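Engineer: Here it is: the structure, laid out below.
No lab work stands behind these numbers, since they all come straight from the coordinates. On a predicted model such as this, the values are computed, not experimentally measured, just so you know. Quick reminder, even Gly has a Cβ in these numbers, built from the backbone with ideal geometry, and neighbours come from all protein chains shown.
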4 protein chains.
Amino acid sequence: MARSDFTFSHRLRVRWAEVDRQGIVFNGHYLTYFDVGFTEYFRAIGYPYPDALLAHGSDVFAKKAALEYHAPAQYDDELDLLVRVARIGRSSMQFLIEIHRGDTLLISGEIVYVNADPAARKAAPVPAFLREAIGRFERVAPQSGA
Amino acid sequence: MARSDFTFSHRLRVRWAEVDRQGIVFNGHYLTYFDVGFTEYFRAIGYPYPDALLAHGSDVFAKKAALEYHAPAQYDDELDLLVRVARIGRSSMQFLIEIHRGDTLLISGEIVYVNADPAARKAAPVPAFLREAIGRFERVAPQSGA
Amino acid sequence: MARSDFTFSHRLRVRWAEVDRQGIVFNGHYLTYFDVGFTEYFRAIGYPYPDALLAHGSDVFAKKAALEYHAPAQYDDELDLLVRVARIGRSSMQFLIEIHRGDTLLISGEIVYVNADPAARKAAPVPAFLREAIGRFERVAPQSGA
Amino acid sequence: MARSDFTFSHRLRVRWAEVDRQGIVFNGHYLTYFDVGFTEYFRAIGYPYPDALLAHGSDVFAKKAALEYHAPAQYDDELDLLVRVARIGRSSMQFLIEIHRGDTLLISGEIVYVNADPAARKAAPVPAFLREAIGRFERVAPQSGA
């Protein structure tokens with residue numbers, strides 16, 4: 001995937017507290033960055049998390065995550081979080097995320113979220129408003145799910 | 001204050017993700033350790049946080065914290081968190097905390113919590129059950145407040 | 001995989017600071033737990049990380065991680081981290097990790113580490129001492145790599 | 001102290017992972033924010049931490065921290081970190097920090113750093129270049145130390 005495949009990016013700077021004794025960002029903190037990307041993506045499509053979702057009786061829960069560590073980020077690096085929704089299934093949404101420092105791909109990964117009823121926390125179909133907002137936002141409409 | 005002034009201690013091991021590029025625990029993470037000490041203290045006095053408090057219509061919120069960094073903790077260190085309540089005021093409780101590695105005092109500090117109504121989050125008198133439980137637990141009864 | 005497939009487990013309690021507004025452990029913090037499991041696994045096989053590795057001119061870096069979120073952990077839960085090495089390749093080691101609360105599987109995942117020269121940080125063959133120590137420790141010897 | 005007493009401010013947005021079950025930023029994470037303020041302050045005075053300091057044979061270590069929690073920050077809040085050096089002693093520097101959300105003061109605090117030789121980690125006089133850079137940057141020169 002090329003950087004140009006992503007409509008959305010968000011810049012973030014590595015904090016001192018995120019860097020370990022090896023002088024690199026601790027491997028788990030990239031999921032915190034992914035989550036910042038998720039927050040900003042939902043703001044960008046017009047439905048800030050979680051209020052705009054909760055108002056529609058919807059919330060999301062992480063179901064799966066995967067990361068590949070290509071090269072480490074270091075203290076004070078400015079990183080670009082690239083985020084896109086690659087697939088919307090019946091009740092799940094697959095986010096692809098890449099973290100770049102300038103032209104260098106550092107991390108690539110995905111998170112799959114399940115849409116759920118906020119109270120029962122049981123999987124529920126991705127609501128139409130979200131499906132449409134994401135469809136409009138991505139240059140290429142995400143595949144509808146099986 | 002001597003180590004023997006504390007009735008309660010809890011052991012904890014420093015994690016890799018808590019240590020920074022200087023090879024020492026990031027200064028903010030000691031407040032996470034303090035909070036673990038707080039959790040275990042409430043368990044020890046018989047009122048596990050927060051359920052036992054919420055059941056009595058009570059919750060607590062941090063009002064003030066202070067830390068002195070005498071010597072740094074390092075990766076894989078086994079630390080002893082010493083915790084005591086030094087003073088119970090009308091609506092606040094002052095916790096004193098020390099972090100030791102063997103005979104070496106690394107960190108000393110305090111946190112003041114305010115007892116509050118969980119819903120309104122307004123200060124409320126420390127409930128009698130808590131005042132009594134802490135009084136029974138500490139070898140020397142904490143001073144009552146002004 | 002059954003719980004009995006794991007030789008090694010380590011108990012850990014969920015901290016207040018690890019739980020988010022949904023009342024569940026933030027999805028990224030499970031990688032911190034995985035890392036605690038990694039630390040304790042290396043201690044158990046007789047080569048505490050990182051000193052025992054560095055003394056042999058060896059260090060490891062995360063190359064890949066994956067997590068499946070089956071059910072969430074909550075504040076104050078006691079969790080069992082189950083850790084095993086499933087495969088040792090030429091320069092990489094695949095760790096499988098499960099997080100259980102009692103009989104309930106909450107999280108399963110893997111981390112692949114690459115063995116590397118500590119200074120150059122270039123992949124290097126997994127040293128014989130590590131391969132042997134892991135082989136002795138696991139009830140079933142991990143597959144040797146392709 | 002009024003907001004206008006601060007020459008320097010830096011904006012930051014609260015992350016999901018920083019908010020706890022009470023729906024507010026965990027009390028320890030404000031020290032991470034303080035540290036971001038510290039990083040940006042050193043960039044602003046022309047000596048990015050730590051490289052510009054290390055290049056002059058200097059590093060700093062936290063000696064003391066104090067926080068007052070006036071009102072909690074919540075998820076997605078945009079916060080202004082206000083930072084100033086209030087006092088430079090022989091080997092220490094006192095930073096005052098306030099965290100505001102719009103016109104509301106949420107947190108106030110201080111951190112005292114000790115200047116040290118990076119290798120020996122023993123206190124050493126604050127170097128002249130730093131004393132001068134801070135003096136130039138603050139509208140009112142910080143008090144020289146006793």
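Engineer: Below 8 Å between Cα atoms, with a sequence gap of 6+, how large is the relative contact order for region B:3-144 in percent?
Structural biologist: 27 percent
Engineer: Report, in debye and to the nearest 20, how large the dipole of the protein assembly as shown comes out about its Cα centre when Lys and Arg carry +1 and Asp and Glu carry -1 on their Cβ. All intermediate terms of the calculation are to be shown ahead of the outcome.
Structural biologist: On the way: 68 positive and 72 negative charges, 0 e Å.
It works out to roughly 0 debye.
Engineer: Could you size up the charge dipole of chain C around its Cα centre, putting +1 on the beta carbon of Lys and Arg and -1 on that of Asp and Glu, and report it in debye to the nearest 20?
Structural biologist: Working: 17 positive and 18 negative charges, 95 e Å.
Dipole magnitude for chain C comes out near 460 debye.
Engineer: Which distances, shortest first and in nm, link D:Gly46 to the matching position in the other copies, using label points set 7 Å out along Cα to C-beta?
Structural biologist: Spacings between copies for this position, smallest first, are 4.9, 5.9, 6.5 nm.
Engineer: Another question, if that's okay. Considering only the protein assembly as shown, what is the antiparallel percent among its DSSP beta bridges, to the nearest 5?
Structural biologist: Roughly 95 percent of the beta bridges in the protein assembly as shown run antiparallel, per DSSP.
Engineer: First select every other residue whose beta carbon is under 11 angstrom from the beta carbon of C:Asp103; then total the charges, Lys and Arg +1, Asp and Glu -1. Don't skip to the answer; put the middle values down first.
Structural biologist: Details: positive: C:Arg3, C:Arg101; negative: C:Asp80.
Net charge in that neighbourhood comes out at +1.
Engineer: Scan around C:Lys63 for amide H atoms under 5 Å from its own, H built in the peptide plane at 1.01 Å from N, and keep only partners 5 or more places away or cross-chain.
Structural biologist: C:Val112, C:Tyr113, C:Val114
Engineer: Projected onto the charge dipole of chain A (+1 at Lys/Arg Cβ, -1 at Asp/Glu Cβ, origin at the Cα centre), which of A:Thr32, A:Ile88, A:Thr104 gives the Cα projection farthest towards the positive end?
Structural biologist: A:Ile88
Engineer: Please list the radius of gyration and Dmax for region A:1-105, considering alpha-carbon atoms only, with Å as the unit.
Structural biologist: 14.6, 44
Engineer: State which entries of B:Lys64/D:Lys63; B:Lys122/D:Lys64; A:Lys64/B:Lys64 exceed 28 angstrom in Cα-Cα distance in the structure shown. Working shown, then result.
Structural biologist: Details: B:Lys64/D:Lys63 18 Å; B:Lys122/D:Lys64 30 Å; A:Lys64/B:Lys64 39 Å.
Among B:Lys64/D:Lys63; B:Lys122/D:Lys64; A:Lys64/B:Lys64, the Cα-Cα distance tops 28 Å for B:Lys122/D:Lys64; A:Lys64/B:Lys64.
Engineer: Please compute the net charge surrounding D:His56, taking Lys and Arg as +1 and Asp and Glu as -1 over other residues with Cβ under 15 Å from its Cβ.
Structural biologist: Values: positive: D:Arg131; negative: D:Asp51, D:Asp59, D:Asp117, D:Glu132.
It works out to a net charge of -3.
Engineer: Could you check what % of the DSSP bridge pairs in chain D are antiparallel, to the nearest 5? Intermediate values should be presented prior to the final figure.
Structural biologist: On the way: 36 of 38 bridges.
Given both bridge residues lie in chain D, the antiparallel proportion sits at roughly 95 percent.
Engineer: Taking the Cβ of C:Ala123 as the center, what net charge do the other residues with Cβ under 10 Å away carry, scoring Lys and Arg +1 and Asp and Glu -1? Could you put the intermediate results ahead of the total?
Structural biologist: On the way: positive: C:Lys63, C:Arg90, C:Arg121, C:Lys122; negative: C:Asp117.
Result for the local shell: +3.
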